[in-house]
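The values are calculated or read from the model by the stated rules, or taken from the named source; none is laboratory data. Keep in mind that this is a model prediction, so the values were computed, not measured. Cβ coordinates were reconstructed from backbone atoms using ideal geometry, including for glycine residues, and neighbour counts include every protein chain displayed.
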Amino acid sequence: MFLISLPALQRNTRLLRQVKEAAGCQLVLALKGFSCWKTFPYFREDLDGCCASGLWEARLAHETFGKHVITYSPAYDEKEIAELLEFTDHLDFNSLSQWYRFRDQIMQHPRFIDGKVLCGLRINPQCSTGETALYDPCVAGSRLGITADQLQGADLTGLSGLHFHTLCEQNSDDLETTLAAVDEKFGHLLRSNQFTYLNMGGGHWITKPFYDRDRLIRLVQATRERYQVDVWLEPGEAIAIHTGVLRATVMDVFESAGHRLAILDISATAHMPDVLEMPYRPDVFLVDATIPSNSNQQPAVTIEGETYHLAGDAGESPHTYRLGGPTCLAGDVTGDFSFPRELRIGDVLVFDDMAHYTMVKTTMFNGVPHPAIALQHEDGRIETLREFRYEDFRDRLC
Ligand SMILES: Cc1ncc(COP(=O)(O)O)c(C=O)c1O
């Protein structure tokens, strides 16, 4: 079961609200990171809307969140543009060829003529500040965003915004570096009266305790003053980080070639794909109130009668297991973890921080049952938001 904590979600969105109010900018939820729409009524007041990666997310934003919808996609087709023009508020383009292809259609639309839909270009400031190439839209040959040289001499009639997204899990010092590159390469456009908004994308780790929020506020204020533009931020991860877990049950335990294995009812490839794609090692807890907290080298915490024992790396605690999923993929393994006691069939293991970029990426590979989605309220009550049935699996396939 994916279990989302409502108080944790609201703690994040309230903090984001304080930041955006202090900075005087707008801040929207990036649906690609978290789109569990039944939770939206609980924090809609804190945010200005959503940003979408294309038509379907934009529709979801419009139908379930309301407020402002920002749409940016690497490419659109005619049908998508026609539908988006009916409700999106910002429509950002990834290339000049896409913009020129649809410009006439857009500029003749009543919502464009009335100023209800504004169009922008995603720019690439060619300023890499992150460490992982997979998440770096500024790598040489990137397909994401327009470089300054591509814009030289271009006809920009009809555009009013610039949009960059170059950060991933980063602090505001990297934003400062990026803004200097944006100014050097695109500052002349932002200083012209034509451009009225600058979207600074996502990747801002605003709700992390160490994030320098004061610097973000200063940077946004300075940007607004320097160019006289509206500033938009569109974090995804910062909204849902530390708000949800994936609870798994041990289905089988056995040994193979000297390794102890545990098969769980959840899968790395189907339910936590970033564990394999990024890759990363999630924190895992064994739930057992009978183990004395001090019998394990790893920390334990008791929440509402359940005691969670943090699993160590292989060999750190007495009993090491390779945790695997129920699919056919040989590499459907979350990793080797050690526990204070032997694992047993029926044990509950909890994978931490599985709300963002996890629930949105799940599949039903192998017909493995999809975990239910539940919301834990302030008073501890658990509300099931969605349970998945065989028919959901069947109906996805044709
Ligand atoms: C254009 C754009 N905006 C916003 C985001 C959200 O980023 P994050 O969840 O890291 O804040 C992304 C993530 O890939 C993105 O591509």
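Mind checking which pairs have a first residue in the stretch 5-29 that is closer than 16 Å to Gly236 by Cβ and a second that is in a helix (DSSP H, G or I) and of a type in the set (Val, Ile, Thr), Cβ under 7 Å, 6 or more apart or different chains?
Within 7 Å, the pairs are Leu9/Thr39; Asn12/Ile239; Thr13/Ile239; Leu16/Ile239; Val19/Ile217; Leu29/Ile239.
Inside the stretch 27-54, can you point out the residues that are in a loop (DSSP other than H, G, I, E, B) and of a type outside the set (Val, Ile, Thr)?
Leu31, Lys32, Gly33, Phe34, Ser35, Cys36, Phe43, Leu47, Asp48, Ser53, Gly54
Among the residues that make up the stretch 100-120, is at least one of them within 15 Å of the ligand (Cβ to nearest atom) and surrounded by 16 or more Cβ atoms within 10 Å (Cβ to Cβ)?
Within the stretch 100-120, one or more residues are within 15 Å of the ligand (Cβ to nearest atom) and surrounded by 16 or more Cβ atoms within 10 Å (Cβ to Cβ).
(1) buried (at least 19 other Cβ atoms within 10 Å of the Cβ); (2) modelled with pLDDT of 95 or more; (3) closer than 30 Å to Arg14 by Cβ: which one isn't true of Ala268, the others all being true?
(3)
For the stretch 57-78, which residues satisfy the criterion of being in a strand (DSSP E or B) and in contact with a helix residue (DSSP H, G or I) (Cβ under 8 Å, 6 or more places away or on another chain)?
Once the filter is applied, which keeps residues that are in a strand (DSSP E or B) and in contact with a helix residue (DSSP H, G or I) (Cβ under 8 Å, 6 or more places away or on another chain), the stretch 57-78 yields Val69, Thr71.
Considering only the stretch 18-35, state which residues are more than 14 Å from Cys51 (Cα to Cα) and not basic (Lys, Arg).
Of everything in the stretch 18-35, those that are more than 14 Å from Cys51 (Cα to Cα) and not basic (Lys, Arg) turn out to be Gln18, Val19, Glu21, Ala22, Ala23, Gly24, Cys25.
Among the listed residues Thr302, Thr363, Thr290, Thr384, identify the single one that is within 28 Å of the chain's Cα centre (by Cα) and either assigned to a strand (DSSP E or B) or surrounded by fewer than 14 Cβ atoms within 10 Å (Cβ to Cβ) (or both).
Thr384
All but one of (1) more than 16 Å from the ligand (Cβ to nearest atom); (2) modelled with pLDDT of 95 or more; (3) in a loop (DSSP other than H, G, I, E, B); (4) hydrophobic (A, V, I, L, M, F, W, C) hold for Met251; state the number of the condition that does not hold.
All conditions are met except number (3).
Among Leu134, Leu167, which is the only one that is within 12 Å of the ligand (Cβ to nearest atom) and either of a type in the set (Phe, Trp, Tyr) or loosely packed, with under 15 Cβ neighbours inside 10 Å (or both)?
Sole residue among the options that is within 12 Å of the ligand (Cβ to nearest atom) and either of a type in the set (Phe, Trp, Tyr) or loosely packed, with under 15 Cβ neighbours inside 10 Å (or both): Leu134.
Of the residues that sit in the stretch 182-207 and are surrounded by 19 or more Cβ atoms within 10 Å (Cβ to Cβ) and outside any loop (DSSP other than H, G, I, E, B), which one is nearest to the ligand (Cβ to nearest atom)?
Residue satisfying both the conditions and the ranking: His204.
Okay, residues lined up against (1) small (Gly, Ala, Ser); (2) away from the ligand (no atom under 14 Å from the Cβ):
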position	(1), (2)
Leu3	no, yes
Pro7	no, yes
Thr13	no, no
Ala23	yes, yes
Ser35	yes, no
Leu47	no, no
Cys51	no, no
Leu55	no, yes
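Residues that are under 23 Å from Leu216 (Cβ atoms), under 27 Å from the mean Cα position of the chain (by Cα) and among the polar types (S, T, N, Q): does the stretch 154-168 have at least one?
yes
Name the residue, out of Leu179, Leu167, Leu162, that is closer than 17 Å to Val229 by Cα, free of Cβ contacts under 8 Å to residues at least 60 places away in the same chain, aliphatic (A, V, I, L, M) and not in a helix (DSSP H, G or I).
Sole residue among the options that is closer than 17 Å to Val229 by Cα, free of Cβ contacts under 8 Å to residues at least 60 places away in the same chain, aliphatic (A, V, I, L, M) and not in a helix (DSSP H, G or I): Leu162.
Output the residue which, of all residues in the stretch 255-278 that are within 18 Å of Cys328 (Cα to Cα) and touching a strand residue (DSSP E or B) at 6+ places or on another chain (Cβ under 6 Å), is farthest from the ligand (Cβ to nearest atom).
Leu261
Answer with yes or no whether Leu310 is free of Cβ contacts under 8 Å to residues at least 60 places away in the same chain, surrounded by 14 or more Cβ atoms within 10 Å (Cβ to Cβ), touching an Asp or Glu at 6+ places or on another chain (Cβ under 8 Å) and closer than 30 Å to Gly236 by Cβ.
In short, yes.
Looking at (1) more than 29 Å from Ala61 (Cβ to Cβ); (2) part of a loop (DSSP other than H, G, I, E, B), find the lone condition where His242 falls short.
(1)
May I ask you to say which residue of Asp214, Asp230 is out of contact with any Pro (no Cβ under 7 Å at 6 or more places or on another chain), closer than 23 Å to Cys127 by Cα, free of Cβ contacts under 8 Å to residues at least 40 places away in the same chain and outside the structural domain of Val333 (by TED's automatic domain parsing)?
Asp214
Free of Cβ contacts under 8 Å to residues at least 24 places away in the same chain and closer than 30 Å to Phe87 by Cβ: is that true of Pro110 in this structure?
Considered against the rule, which asks whether it is free of Cβ contacts under 8 Å to residues at least 24 places away in the same chain and closer than 30 Å to Phe87 by Cβ, Pro110 comes out as yes.
Identify the residue in the stretch 208-242 that is within 15 Å of the ligand (Cβ to nearest atom) and out of contact with any strand residue (DSSP E or B) (no Cβ under 9 Å at 6 or more places or on another chain) and, among all such residues, is nearest to Lys20 (Cα to Cα).
Result: Arg213.
Filter the stretch 137-152 for residues that are under 18 Å from Tyr100 (Cβ atoms) and within 14 Å of the ligand (Cβ to nearest atom); which is surrounded by the most Cβ atoms within 10 Å (Cβ to Cβ)?
Out of the qualifying residues, it is Gly145.
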